[in-house]
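One structure is given here, and the rest of the page talks about it.
Rule-based calculations on the coordinates, nothing more; no lab input. The structure presented is a predicted model; accordingly, all values stated were derived computationally and were not measured. Counting neighbours? That spans all protein chains shown, and the Cβs are built from the backbone with ideal geometry, glycine included.
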Amino acid sequence: MSKAEISSAIRVAQVAPNIFPTPPLHHGGTERVVHDLSVALHNLGVEVTLFAPSDSATDIPRVGDYPSLAALEAREGQVAPGVPSALEALQMEALARRLDNFDIVHCHGEFAHAAILGARRCRSLTTVHWRVDERDRALFFAGFPDLPVAAISAAQEAGVPAANRAGIVHHGIARDRYALNSNPKGHLAFVGRMTDQKRPDTAIRVARAAGLPIRLAGTVDVGNPDYFDRAVRPLLADDAVYVGPVDDAAKGRLLGDARALLFPIDWPEPFGLVMIEAMACGTPVIAWNRGSVPEIIEDGITGFIVSSEAEAVAALARVGDLDRARVRKRFEARFTAERMAADYLSIYRRLLSA
């Protein structure tokens, strides 16, 4: 049987979170990855159904009668603390009624779906888009040792019990979303949540020490709302400008025009989607040596891996030596949605054959 025949025989449910629409308008890396995966699988001949909020705009067949948390907040202001759990319960009910329609159920949440799947867990796959080294995940894995989990990096997989490990699939994005820019304008870029995990304040200090302007984009982290006012806003000036959340077009311009992306993370980053978005523009990445970074960045080719602000400043002096066309080629070889979909398809087939 050909690959296309095997692909077309597989019916897959992709179950997205309910926080943002799928795909998202601005922030929402998980929803972006889920949508790119769904489209790429569809292009491979897989029959894909997307479980996602009603405000999602997609050509993939979709199930979901309720809006995203973001849509509710935009419409009603701050919602009750139990609303996210209610949205998840409604989505799980929709999934439970349709389980027999699918060969593989691929969930991108973290908890409730495992109980809903029951005996179908062996024909499911879970991708956790967050760190897995905290107590809640440890309890979750211990309670569901038969739940196959695909890690998004080897760094993340180290925290997944051996019984749950189903493979490693690095994220990918649509090949043509961003284009190579061989003539950057000279500023630096930071794109990410305004939080102490991502450290935009460090990015500003490094840029200033290197004598380069920086533009910062991203949302203020709802889990750490005072961080921006306390640690970032006092550092803003003409040479360090915060532009707020950006959509794909604005992000492409910001990253493509940048001399380099600064990625000064201060946590065990499970992947770091903005690194490959920068690479898609040909923009090198200066990234701190934590979490997945050594798997994503090829030191001296697609950027530099550093361990301190001083090392980052020194790396910026060498970033002009990197070939932006080669950075783009490494993205095309390693981090497209097509490659991601093919990797997941291999795991689906292995689960079904078992």
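Computed 3J(HN,Hα) for the stretch 287-302, one whole-Hz value per residue from the Karplus formula 6.51 cos²θ - 1.76 cosθ + 1.60 where θ = phi - 60°, is 10, 6, 7, 9, x, 7, 3, x, 7, 9, 8, 8, 4, x, 10, 9, glycine and proline marked x. Say we join alpha carbon atoms closer than 10 Å with springs in a Gaussian network model of the chain; which of ALA280, ALA260, ALA138 then has the biggest fluctuation? Evaluated over the chain, the most mobile residue of the options is ALA138.
Counting only Cα atoms, the stretch 54-152 measures 40, 34, 23 Å along its principal axes, largest extent leading. Overall, the chain carries a charge dipole of about 660 debye about its Cα centre when +1 sits on the Cβ of Lys and Arg and -1 on the Cβ of Asp and Glu, all other atoms neutral.
If you work out volume of the Cα convex hull per residue in Å³ from the coordinates, which of (i) 124; (ii) 133; (iii) 147 do you get? The listed entry that was calculated here is (ii).
Note on the stretch 210-313: with charges restricted to the Cβ of Lys and Arg (+1) and Asp and Glu (-1), its dipole about the Cα centre is near 180 debye.
A Förster radius of 22 Å, combined with the Cβ-Cβ distance separating ALA310 from LEU236, puts the computed FRET efficiency at roughly 0.45.
Using a cutoff of 8 angstrom between alpha carbon atoms and counting only pairs six or more residues apart, the relative contact order for the chain works out to 16 percent.
Students often get this wrong: which residues of the stretch 65-82 have the backbone nitrogen under 17 Å from the point 7 angstrom along Cα-to-C-beta of LEU139? The answer is none. Once both labels are positioned 7 Å from their Cα atoms along Cα-to-Cβ, the gap between ALA158 and ASP226 label points is 3.3 nm.
Each label point was placed 7 Å from the Cα along the Cα-to-Cβ direction; for LEU99 and ARG350 their separation is 2.4 nm. Stretched out straight at 0.36 nm per residue, the stretch from ARG75 to ASP196 would grow longer than its current Cα-Cα span by 40.7 nm. Projecting the Cα positions of ILE60, LEU72, ILE19 onto the charge dipole of the chain (unit charges on Cβ atoms of Lys, Arg, Asp and Glu, taken about the Cα centre) puts ILE60 furthest along the positive direction. Diffusion of the stretch 174-260 by Stokes-Einstein, at 25 °C in a medium of 0.890 mPa s and with Rh set to the Kirkwood radius over alpha-carbon pairs, works out to 184 µm²/s. Between amide H atoms placed 1.01 Å from N, distances below 5 Å from VAL220 occur with MET194, all of them 5 or more places distant or on a separate chain. The spacing between the stretch 210-276 and the stretch 106-179, judged by their C-alpha centroids, is 27 Å.
Phi angles across the stretch 197-205 convert, under the Karplus curve 6.51 cos²θ - 1.76 cosθ + 1.60 with θ = phi - 60°, into 3J(HN,Hα) values of 6, 9, 6, x, 4, 5, 4, 5, 4 Hz, Gly and Pro given as x.
Given R0 = 30 Å, the distance between the Cβ atoms of SER54 and ALA325 translates into a calculated FRET efficiency of 0.10.
Inter-label distance, ARG120 to TYR66: 1.8 nm, where each label sits 7 Å from its Cα along the C-beta direction.
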